[in-house]
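Peer 1: Handing you this structure, nothing more for now.
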Amino acid sequence: MVEIHCGALLFDLDGVLIDSTPAAARVWHRWAVEHGFDPETVVRMAHGRPSRTTIRELLHNTEPHDHDIDREDREVERMEMEDLDGVVLLPGARELLNTLPPERWTIATSCTRPLAKVRLRAAGLPIPKTMITSSDVKIGKPDPEPYLKAAAELGLAASGCIVVEDAPAGVRAGKAAGARVIAFLTTMPRGDLEDAGADWIVQNCADIAASATSNDNHDDGLHLSLSL
């Protein structure tokens, strides 16, 4: 067991609290085929990043050169909001969130806000008022902006928080924000998470026990026990 103190937990959504991988893969596979790209490459590129970023990178050097990125992004979002088959809670997610005071956690996701809300409702999870989505930032992961804003929404510095991620882009975003990062082995190989700079690597939320603290040694915050 590893014991940690922090001000709050900043969660990614997909691959951390919920599993939407099959649904997302279906959507990106379909989009890739329609646009003449290798589906496996596109699905891998899209994981953990804003869809707009992936679309722009893929269409940048293709004909015609005046692709409507906004239209493509809206279409991907529409398909993802309609495909909720298999969107489920990951192990330990509900139990962990139930132990956390509402002011001690939030979500920073590469989903748009409408898509994040649809998936949270499908999984039966609460929608935090402080949630940060790709709709709320100018630059998505691996840029630190999503986690800097998520911490600020809780009135905290990111350096006092712990980010919980499953994708290398998200791990890098958390580290760039100055946070420590717990990475999950839900979607990516251990080596990729280590290379991205994860501080700890566990299986999923079931390996994290949390309790609120308030004593002479620490300001109010969270005490975590990790089962490595």
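The values are calculated or read from the model by the stated rules, or taken from the named source; none is laboratory data. As the structure is a computational prediction, the values presented were derived from the model and not from experiment. Quick reminder, even Gly has a Cβ in these numbers, built from the backbone with ideal geometry, and neighbours come from all protein chains shown. Ligands, DNA and RNA are stripped out before the accessible areas are found, and what is left, the full protein with its side chains, is counted by its heavy atoms. Shrake-Rupley method; radii C 1.70, N 1.55, O 1.52, S 1.80 Å.
Peer 1: So residue 124 fits all but one of (1) at pLDDT below 95; (2) on the phi < 0 side of the Ramachandran plot; (3) of a type outside the set (Phe, Trp, Tyr); what number is the exception?
Peer 2: Residue 124 satisfies all of (1) at pLDDT below 95; (2) on the phi < 0 side of the Ramachandran plot; (3) of a type outside the set (Phe, Trp, Tyr) except (2).
Peer 1: When the range 23-75 is examined, which residues are found to be charged (D, E, K, R), more than 21 Å from the chain's Cα centre (by Cα) and under 25 Å from residue 172 (Cα atoms)?
Peer 2: none
Peer 1: Now, a different point. Would you please name the residue that is nearest to residue 168 (Cα to Cα), looking only at residues in the range 187-220 that are at pLDDT 95 or above and touching a Gly at 6+ places or on another chain (Cβ under 6 Å)?
Peer 2: My answer is 204.
Peer 1: Against the definition (open to solvent by less than 30 Å² (accessible area, probe 1.4 Å) and of a type in the set (D, E, K, R)), how does residue 3 come out, yes or no?
Peer 2: Against the criterion (open to solvent by less than 30 Å² (accessible area, probe 1.4 Å) and of a type in the set (D, E, K, R)), residue 3 does not qualify.
Peer 1: Please identify the pairs in which a residue from the range 195-209 that is surrounded by fewer than 17 Cβ atoms within 10 Å (Cβ to Cβ) has its Cβ atom under 6 Å from the Cβ atom of a residue that is part of a loop (DSSP other than H, G, I, E, B), counting only partners at least 6 apart or on another chain.
Peer 2: Here the result reads 203/185; 206/91; 206/92, each pair linking the range 195-209 to a residue that is part of a loop (DSSP other than H, G, I, E, B).
Peer 1: Just to be sure before I move on: is residue 42 closer than 22 Å to residue 136 by Cβ, outside any strand (DSSP E or B) and open to solvent by less than 70 Å² (accessible area, probe 1.4 Å) in the structure I sent? Outline the logic, then answer.
Peer 2: Numbers: closer than 22 Å to residue 136 by Cβ: no; outside any strand (DSSP E or B): yes; open to solvent by less than 70 Å² (accessible area, probe 1.4 Å): yes.
In short, no.
Peer 1: Would you mind stating whether residue 165 is surrounded by fewer than 15 Cβ atoms within 10 Å (Cβ to Cβ), within 24 Å of residue 1 (Cα to Cα) and at pLDDT 95 or above? Show your work before the answer.
Peer 2: On the way: surrounded by fewer than 15 Cβ atoms within 10 Å (Cβ to Cβ): no; within 24 Å of residue 1 (Cα to Cα): yes; at pLDDT 95 or above: yes.
So residue 165 does not fit the description; no.
Peer 1: Is there any pair with a first residue in the range 107-124 that is under 16 Å from residue 153 (Cβ atoms) and in contact (Cβ under 8 Å) with a residue 40 or more places away in the chain and a second that is β-branched (Val, Ile, Thr) and not in a strand (DSSP E or B) whose Cβ atoms are under 6 Å apart and which are 6 or more apart or on different chains, and what are they?
Peer 2: Pairs found: 109/133; 116/109; 116/133.
Peer 1: Only helices (runs of 4 or more DSSP H) wholly contained in the range 50-111 count here; list those with 1 or more residues that are polar (S, T, N, Q), open to solvent by 40 Å² or more (accessible area, probe 1.4 Å) and at pLDDT 95 or above.
Peer 2: Numbers: elements: 51-59, 69-82, 93-99.
By residue number, 93-99.
Peer 1: Only one of these conditions is not met by residue 135: (1) surrounded by fewer than 21 Cβ atoms within 10 Å (Cβ to Cβ); (2) farther than 17 Å from residue 55 by Cβ. Which number is it?
Peer 2: Here residue 135 meets the rest and fails (2).
Peer 1: What pairs can you find where one residue is in the range 1-29 and among the charged types (D, E, K, R), the other is open to solvent by less than 10 Å² (accessible area, probe 1.4 Å) and assigned to a helix (DSSP H, G or I), and their Cβ atoms are less than 8 Å apart, with a gap of 6+ or different chains?
Peer 2: From the range 1-29, the pairs are 12/170; 14/119.
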